[in-house]
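The values are calculated or read from the model by the stated rules, or taken from the named source; none is laboratory data. Everything quoted here is computed from the prediction, not taken from an experiment. Note: ideal-geometry Cβ built from the backbone for every residue, glycine included; neighbour counts use all protein chains shown. Ligands, DNA and RNA are excluded from the accessible area calculation, which covers all protein heavy atoms including side chains. Shrake-Rupley method; radii C 1.70, N 1.55, O 1.52, S 1.80 Å.
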Amino acid sequence: MGSAGAQPTPPTRSWAEPQIQQVVDAGLMGTSVADFRPDDLLTSVELATVLASLGAEVTEADTDRPVTVRELDARLVTALGLRPQARGLRLGADAAGLLPRTSLGTETAARLLGLRVNHLKTQEKLELQLPQPATRAEAAYSIARVLALSDYELEAVRDELERF
């Protein structure tokens with residue numbers, strides 16, 4: 001039988017489709033949603049390009065090295081100017097004898113900012129851990145949130161981190 005009447009299979013939609021659309025529309029990650037490659041790993045050069053486009057100072061221009069979720073959080077928190085508050089949180093926890101992970105401050109800041117999605121229980125396999133490489137979909141979600149942050153939200157998180 002011929003396949004003359006067969007319809008092409010539509011591309012698989014990503015859990016981060018709305019955020020992918022936002023970052024594509026902002027000219028930050030690709031030229032079209034159709035060509036986005038949400039499941040590919042985010043590379044250091046891709047993240048550096050986005051950060052530079054957002055006006056952040058970029059000192060590293062590595063090539064195709066995958067970026068971990070921990071690094072994505074840290075670099076976005078730094079770009080938003082919250083690195084001192086995140087560091088203060090970690091140092092405060094250390095001074096209290098809590099033996100925090102080095103990523104406590106930036107991870108907490110990223111979560112307070114809503115840069116990480118907490119997937120539904122039925123989608124837990126999508127939940128990436130800090131040492132895992134970030135996907136382009138995960139990055140799109142975080143970057144779209146950065147684009148949507150108001151000055152009020154940013155200041156509220158800054159204050160919250162300082163209160164810890």
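Annotations
- Residue among Asp64, Asp25, Asp39 that alone is open to solvent by 70 Å² or more (accessible area, probe 1.4 Å) and at pLDDT 95 or above: Asp25
- Residue match in segment 60-77 (condition: closer than 18 Å to Val157 by Cα, free of Cβ contacts under 8 Å to residues at least 60 places away in the same chain and of a type outside the set (D, E, K, R)): yes
- Of Ala110, Ala144, all but one fail to be in a helix (DSSP H, G or I), within 28 Å of Thr31 (Cα to Cα), in contact with a Ser or Thr (Cβ under 8 Å, 6 or more places away or on another chain) and not polar (S, T, N, Q); the exception is Ala110.
- Looking only at residues of segment 108-134 that are open to solvent by less than 30 Å² (accessible area, probe 1.4 Å) and not hydrophobic (A, V, I, L, M, F, W, C), we find that the one that is farthest from Glu46 (Cα to Cα) is His119.
- Index of the failed condition, Ala56 passing every other in (1) under 14 Å from the mean Cα position of the chain (by Cα); (2) over 18 Å from Val117 (Cβ atoms); (3) open to solvent by less than 30 Å² (accessible area, probe 1.4 Å): (1)
- Matching residues in segment 78-137 - criterion: being under 22 Å from Trp15 (Cβ atoms) and small (Gly, Ala, Ser): Ala110, Gly114, Ala134, Ala137
- When segment 147-158 is limited to residues that are of a type outside the set (A, V, I, L, M) and either assigned to a loop (DSSP other than H, G, I, E, B) or without any contact (Cβ under 8 Å) to a residue 40 or more places away in the chain (or both), the one that is least open to solvent (accessible area, probe 1.4 Å) turns out to be Ser150.
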